[in-house]
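Worksheet: one structure, shown below.
The values are calculated or read from the model by the stated rules, or taken from the named source; none is laboratory data. Since this is a predicted model, take the numbers as computed values, not measurements. Methodologically, a virtual Cβ is constructed for each residue, glycine included, from the backbone with ideal geometry; neighbour enumeration extends over all protein chains shown. Accessible surface is based on the protein model in full, side chains and every heavy atom, while ligands, DNA and RNA are left aside. Shrake-Rupley method; radii C 1.70, N 1.55, O 1.52, S 1.80 Å.
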Amino acid sequence: MQRLIPVLNKDHVPLHLISVINTLLTAAKEISHRLHQGSLAGTLGSTLDENIQGETQKKLDVVSNQLIKNMLLETNLVRAVASEEEDDIVEGNPDAKYLVAYDPLDGSSNIDINGSVGTIFSILEVPDHPAEGKDMFLQTGDEQVAAGYILYGPSAMLALTTGQGVRMYTLDHTVGEFLLTVDQVKVPKDTREFAINMSNSRFWNKPIQSYIADLIQGEEGPRKKRFNMRWNAAMVSDVHRVLCRGGLFTYPADCRNKKKPCKLRLLYEANPMSYLVEQAGGRCSTGYERIMSLQPTDIHERVSVIMGSSNEVEVCLDYHKKIPCDRFDV
Ligand code: F6P
Ligand code: MN
């Protein structure tokens, strides 16, 4: 089985970019190890807890954020990092070329129940036009030079794209390396599976409500086929299933909190996952616009997300075209 670096070399990925990706994976191996240790590592629970030695326990998402940030900045190859866990960007080498946006531990409500979680990353280059600080990160998803996630499930898996399709690697703990296990990830065009948090349905706009209502009617409804539903409450693990066997994943806008209609973050979640899904032949949209074409206005911006099997996403988008929003504009 092939190791990651020779595969990236064969794809002519620039050496410094390979180093940045490899550094993210070194941090991921450490996170994977700590997750395996669970309560034994004293990293579960809240930041205010103390472990039996009387030491302050750190939540694993805080620890993961620090590990990734410190390791990336130590490489001197990174101009700045933006993390879901940090209010502001953290600057590194002013002469470096790469910017890394990341969600250190996605789906972190799963940590304390020993469920699947993940790390998502998006790598950009410092833009040519003059931009300073956070503004450097305000680039469309199309500008990404690499994106991926590490899923910490029964095995740890990396899904990675550098714009030449998507490959998956599995962490072999005996050699401490990610080995190539799926060479060409392809999302099937059609599906009978969807992923959504149904408990929010009364807060959705009409287009998504109607679409889901029709799926649930199965053979008796307008779709004339039965659909299955899955929800792991960790985007990495739900999108991983979509990459493996197709499906439609969505976290639509809702009106639970008028000030915050969308949950998922554009830079740390929607863009990198869209890059993977599109590179694997799938489709990604907010319902109205292609996600990777959006011009971000803030590093922590949130968006409505619909992604997965292309024909099914297309059907969902038709509902958005035909049915007006009844509760709020998105
Ligand atoms: O990062 C946000 C996140 O944890 C995603 O990973 C996941 O898809 C979603 O939130 C789960 O949300 P909810 O708890 O509303 O189901
Ligand atoms: Mn997340």
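Things worth noting here:
- Only one of the listed residues (ASP88, ASP61) is of a type in the set (D, E, K, R) and over 28 Å from LEU243 (Cβ atoms). That residue is ASP88.
- Residue list for segment 291-315, filter: touching a strand residue (DSSP E or B) at 6+ places or on another chain (Cβ under 8 Å) and acidic (Asp, Glu): GLU301, GLU312, GLU314
- TYR211 meets each of the listed conditions (1) modelled with pLDDT of 95 or more; (2) part of a loop (DSSP other than H, G, I, E, B); (3) of a type outside the set (Lys, Arg) apart from (2).
- Scanning segment 68-111 for residues that are hydrophobic (A, V, I, L, M, F, W, C), within 16 Å of ligand 2 (Cβ to nearest atom) and closer than 18 Å to LYS29 by Cβ yields ILE68, VAL100, LEU105, ILE111.
- Residue within segment 96-112 that is of a type outside the set (Val, Ile, Thr), part of a loop (DSSP other than H, G, I, E, B) and surrounded by fewer than 16 Cβ atoms within 10 Å (Cβ to Cβ) present: no
- Flag if GLU125 is under 19 Å from LEU160 (Cα atoms), away from ligand 2 (no atom under 16 Å from the Cβ) and open to solvent by 40 Å² or more (accessible area, probe 1.4 Å): yes
- Yes/no for VAL166 being surrounded by 14 or more Cβ atoms within 10 Å (Cβ to Cβ), within 18 Å of the chain's Cα centre (by Cα) and hydrophobic (A, V, I, L, M, F, W, C): yes
- Residues in segment 72-86 that are open to solvent by 50 Å² or more (accessible area, probe 1.4 Å) and away from ligand 1 (no atom under 16 Å from the Cβ): GLU74, ASN76.
- Flag for GLU193 being away from ligand 1 (no atom under 16 Å from the Cβ) and surrounded by fewer than 22 Cβ atoms within 10 Å (Cβ to Cβ): no
- Taken as a whole, the condition of being closer than 30 Å to TYR211 by Cα, within 16 Å of ligand 2 (Cβ to nearest atom) and at pLDDT below 95 does not apply to SER116.
- Meets criteria (within 16 Å of ligand 2 (Cβ to nearest atom), β-branched (Val, Ile, Thr) and part of a helix (DSSP H, G or I)) for VAL239: yes
- Inter-residue pairs, beta-carbon under 8 Å, first at positive phi and in segment 211-239, second within 16 Å of ligand 2 (Cβ to nearest atom), 6+ apart: ALA233/GLY107; ALA233/SER109; ALA233/ASN110; ALA233/GLY115; ALA233/ASN197
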